Structure formats: structure tokens, C-alpha cells
Ligand SMILES: Nc1ncnc2c1ncn2[C@@H]1O[C@H](COP(=O)(O)OP(=O)(O)OP(=O)(O)O)[C@@H](O)[C@H]1O
Ligand SMILES: [Mg+2]
């Protein structure tokens, strides 16, 4: 489903260039639930941004469903991102001027789905995430954990094939974190959605099929 082959990522230019990913290679199979772990600054978000087609590697090849993305145009990448990928950002990126349900429905608007259908699908997901009563509010008035679930609903609303989530339980208390994790494992099992989850939480990482450990931008361990 997702392949990284000898990926290097350098930010900036000499003499201020910093190299954040070195020769990163791994493959994530269809239906797999994979955790990316590693200390702060080890390159986890940088890696996920590349996987989410939000950034391009300095060198190396990324494949999605066997197709190298390096030669695709920006428009083709945007289409692939909208159709195939769901992304939960470490810092949510919710729009305060839109209501909760409008935030959730946003990816469907980019696909040209009509308003009643957008509203129906957004509300169905909010119900699943126990947020239905917040549907009409601005996300700015929600707690961190609630905003995190709205961001998750937005990532799931388009029925993606690959969910990329950067610390989706990072701001949650342990009970809510366990609930979100149970929801994710349920979706992974029932719908076979491939998931890549960045987490600091070793207990959550152990619930995944596989763990990829980063240290200083290098893959130091991949469990089988
Ligand atoms: N746009 C950027 N420009 C320059 N340096 C960057 C940029 N983005 C990230 N970095 C640097 O790359 C390194 C890896 O950052 P990254 O955000 O990928 O780490 P992380 O593993 O996600 O950390 P955390 O667990 O704290 O979220 C850090 O040293 C960071 O300062
Ligand atoms: Mg990060």
C-alpha cells in the first residue's frame, strides 16, 4: 500500500541545512495497523507528512499502491490525497469559522458531494465519535480531546484507504485515549482500513500489528 525506499529529507540549504530522515525504507501492507514510534525530534511528523503527500522527499522513492509518486503533478497528488488518504495532524488544523460538522464535511466538499449528503455523512461520524451534540458549535469552543476527535472524523469522512494519524491520542486523558484507540482498531478490523499511527505511547503502539522505530531520522527497528 505504502512504500518508502531510501528516503532522505533535508530541510533548508547549506550552511543551515538539517537532515531529518536518512535512508528510510519500509513497506506497509494493505489492512495493516502500523505504529511509528521514537523520541521527540526523531522525524516522525516529517515522515508522516511525506507519506501524506504534503511534502516531497529530498531523495528516494515513495510508492502508493506500487505507483511512484515522484513523477506525479501537483494536481494528481492533490487528487490522490483527497481520494485515498485521511490525515490527522498533530495540531488538528480545524477551521474556527466553520461549525464542527462543516469541518468534518470539508473533504467531501472538495469532491463535489452535495450538501445534504455531506451533512448526513458528517453527522454519522460525529455520532460514532460521541460528538453529535457539538455538531453546530465552533471547534474553537471544544476541549483538546474533542477537537482531536473532530480532526479524526474529518480524516475518516471520505472513507480513505489509508489513514495517517500524528499523535491522535496525544492530548487525551487515558480513558478517552483508550476509547479512540478502540475505535481505530475496530475500523481497522471491520473495514480493513490501513492505518499508520504516530505515537509516544508504548502501550498503544503494542496494540498495533507492527512498530517502526525512528531514532535521529533513521529506522532502527521494525517489528515483524
Ligand atoms: N519545516 C522544517 N524546517 C526545518 N526543520 C524542520 C522542519 N520540520 C521539522 N524540522 C526538524 O526536523 C526534526 C524532526 O522533526 P519532526 O517534527 O519530524 O519530529 P517528531 O519526531 O515528529 O517530534 P515530536 O514527537 O516532538 O512531534 C526536528 O529537529 C525539527 O526541528
Ligand atoms: Mg511530531
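Bear in mind that the values in this text are calculations on the coordinates, not laboratory data. Please read these numbers as outputs of a predicted model, since none were measured by experiment. FYI the Cβ positions are ideal-geometry reconstructions off the backbone, even for glycines, and counts take in every protein chain you see.
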FRET efficiency (residue 224, residue 132; Cβ distance; R0 35 Å; to 0.05) is 0.30
What angle do you read, to the nearest 10 degrees and between 0 and 90, between the alpha-carbon axis of helix 115-128 and the longest principal axis of the chain? 80 degrees
What's the angle, to the nearest 10 degrees (0 to 90), between helix 74-84's Cα axis and the longest principal axis of the chain? 60 degrees
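Given R₀ = 41 Å, FRET efficiency for residue 25-residue 202 by Cβ-Cβ distance, to 0.05?
Numbers: r = 23 Å, r/R0 = 0.57.
That pair, residue 25 with residue 202, gives E of 0.95.
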If you line up the long axis of helix 144-156 against the longest principal axis of the chain, both from Cα atoms, how many degrees apart are they, to the nearest 10? 80 degrees
Could you give the spread of the C-alpha atoms of segment 1-149 along their three principal axes, from largest to smallest, in whole angstroms? 49, 31, 29
Could you please rank 36, 212, placing first whichever residue has the fewest other Cβ atoms within 10 Å of its Cβ? 212, 36
Which whole-angstrom value gives the distance between the alpha carbon centres of segment 1-60 and segment 80-158? 26 Å
